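Trainee: Attaching a single structure in structure tokens format; questions to follow.
The values are calculated or read from the model by the stated rules, or taken from the named source; none is laboratory data. This is a predicted model, so every value here is computed, not measured. Glycine also receives a Cβ, built like all others from the backbone with ideal geometry; neighbour counts cover every protein chain displayed.
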Amino acid sequence: MTVTLANTPVIETERLILRAPKGSDAEASVAFFGTDRSRYMGGPQTRAQAWRSFAGVIGHWVVRGWGLFVVCEKGSDTPLGAVGPWMPEGWTDREIGWSMWDPSVEGKGYAFEAAQAARAYAYGTLGWTTAISYIDPENARSIALAKRMGCTLDDDLPLPDLPDWDGTLVFRHPGPDALA
Amino acid sequence: MTELAIPVLETERLILRGPEPEDYPDFKATFTSYRARFMGGPLNAYESWMLYAAEIGHWAIRGFGMWMIRDRVTDQTYGMAGGWKPAKWPEAEIAWVIWPGAEGRGIALEATNAARRYFYRECGWEGAVSYIDPKNLASIRLAERLGAKLDKAAAGIDGSDAVYRHPGPAALDGTQLAHGIEMEIRHYADPLFRPKGWALD
């Protein structure tokens, strides 16, 4: 039996499709979180941990009504990463998150293109008035992406009360008015 | 509204539906408490929320999962029951968790029996196990009432759990075991023998 999310949006950008996650995306996400490339996002994780995390990415949509989009190239349904609004319990603000799973598409600006579209969706459709991104201080690529999106450091926001989160940076996105 | 097309099961007293956002506080109360000690808990708030989301996402990855157990009349939730097979699980499991206030009424038996029947009849399962902490006597007792037997040869999840193997579809098709389970459930719903007053010495 196939059980899929229903009534979820699809976002189209110049080169990408952002769609809701589905069961068949699990392996690509689990593979990414098993490698050292996930070291700034709580990885590397065991297969058991990563599988449950991805199940949680799907369930987030049901609990909140929105969640991370899976990014695909136009004309392909191959999952390349996950980008979008994210706020599990314990988060201190609404986040725009991103992780590109497939190293073969790095350097094309896909994360930037997808994150911009996801942020516009959060501001436009979901009505968010602000957003943040939590980033590991050693994750230079993500910091560069946040800056490219116009984010600035927010030293005042408390961090989620979770192990190993000390020192995590909070980048605050420009609000909808500043981007209009 | 975003939703998953999770099937609905009905029994005499219960309705089993997919977990919904408003059910989360009851789940959290159990999984952040000592009551979750046999299920990997107690969890912190983040872990509990992510596990709840994962219970829902499990349906999308596997095509089956855990239902929320509800009262047919009041819609109150009593716990969860269903199928569970995250990564690392050697076999598909029949799993359950009952909120503390709902114990002692045969609710877990009624829900797990319905879930198992659904997996056998509608999903083609030919068997199932339950992975149970050996100190979790209430769950071991439920596994035994469901006809499951300790399988010492079967692989567990991490070596600290007991594997109870459920009877297969044939052993539950019109057999004495199946009738016995139905009778016990019926007795909870409508007791045959009620005490007529207090015993006084």
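Trainee: Looking at B:Ala87, B:Ala54, which is the one that is touching a Ser or Thr at 6+ places or on another chain (Cβ under 9 Å), within 14 Å of another protein chain (Cβ to nearest Cβ) and surrounded by 21 or more Cβ atoms within 10 Å (Cβ to Cβ)?
Mentor: That would be B:Ala54, the only listed residue that is touching a Ser or Thr at 6+ places or on another chain (Cβ under 9 Å), within 14 Å of another protein chain (Cβ to nearest Cβ) and surrounded by 21 or more Cβ atoms within 10 Å (Cβ to Cβ).
Here is a yes/no grid of residues against (1) part of a loop (DSSP other than H, G, I, E, B); (2) within 8 Å of another protein chain (Cβ to nearest Cβ); (3) out of contact with any helix residue (DSSP H, G or I) (no Cβ under 6 Å at 6 or more places or on another chain); (4) touching a residue at least 24 places away in the same chain (Cβ under 8 Å):
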{"position": "A:Arg52", "(1), (2), (3), (4)": "no, yes, no, no"}
{"position": "A:Ala55", "(1), (2), (3), (4)": "no, yes, no, yes"}
{"position": "A:Trp61", "(1), (2), (3), (4)": "no, yes, yes, yes"}
{"position": "A:Trp66", "(1), (2), (3), (4)": "yes, yes, yes, yes"}
{"position": "A:Gly75", "(1), (2), (3), (4)": "yes, no, yes, no"}
{"position": "A:Pro79", "(1), (2), (3), (4)": "yes, no, no, yes"}
{"position": "A:Ala82", "(1), (2), (3), (4)": "no, no, yes, yes"}
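Trainee: Here's something else I'd like to know. Considering each of B:Ala115, B:Ala138, B:Ala153, B:Ala143 in turn, give the residue that is within 13 Å of the chain's Cα centre (by Cα) and without any contact (Cβ under 8 Å) to a residue 24 or more places away in the chain.
Mentor: B:Ala143
Trainee: Filter region B:19-30 down to the residues that are under 15 Å from the mean Cα position of the chain (by Cα) and more than 8 Å from every other protein chain (Cβ to nearest Cβ) and list them by number.
Mentor: Across region B:19-30, the qualifying residues are B:Phe27, B:Thr30.
Residue-by-condition table, conditions (1) touching a residue at least 40 places away in the same chain (Cβ under 8 Å); (2) at negative phi; (3) surrounded by fewer than 20 Cβ atoms within 10 Å (Cβ to Cβ):
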position: A:Trp86; (1), (2), (3): no, yes, no
position: A:Asp102; (1), (2), (3): yes, yes, yes
position: A:Thr129; (1), (2), (3): yes, yes, yes
position: A:Ser133; (1), (2), (3): yes, yes, no
position: A:Asn139; (1), (2), (3): yes, yes, yes
position: A:Ser142; (1), (2), (3): yes, yes, no
position: A:Leu162; (1), (2), (3): yes, yes, yes
position: A:Phe171; (1), (2), (3): no, yes, no
position: A:Ala180; (1), (2), (3): no, yes, yes
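Trainee: Within the set of pairs 6 or more residues apart or between chains, which connect a residue that is within 19 Å of A:Phe112 (Cβ to Cβ) and at the interface with chain B (Cβ under 9 Å from one of its Cβ atoms) inside region A:1-25 to a residue that is surrounded by 12 or more Cβ atoms within 10 Å (Cβ to Cβ) and of a type in the set (Phe, Trp, Tyr) with Cβ atoms less than 8 Å apart?
Mentor: none
Trainee: For the structure I just gave you, tell me whether A:Gly90 is surrounded by fewer than 22 Cβ atoms within 10 Å (Cβ to Cβ) and either at pLDDT 95 or above or away from every other protein chain (no Cβ under 11 Å) (or both).
Mentor: The answer is yes for A:Gly90.
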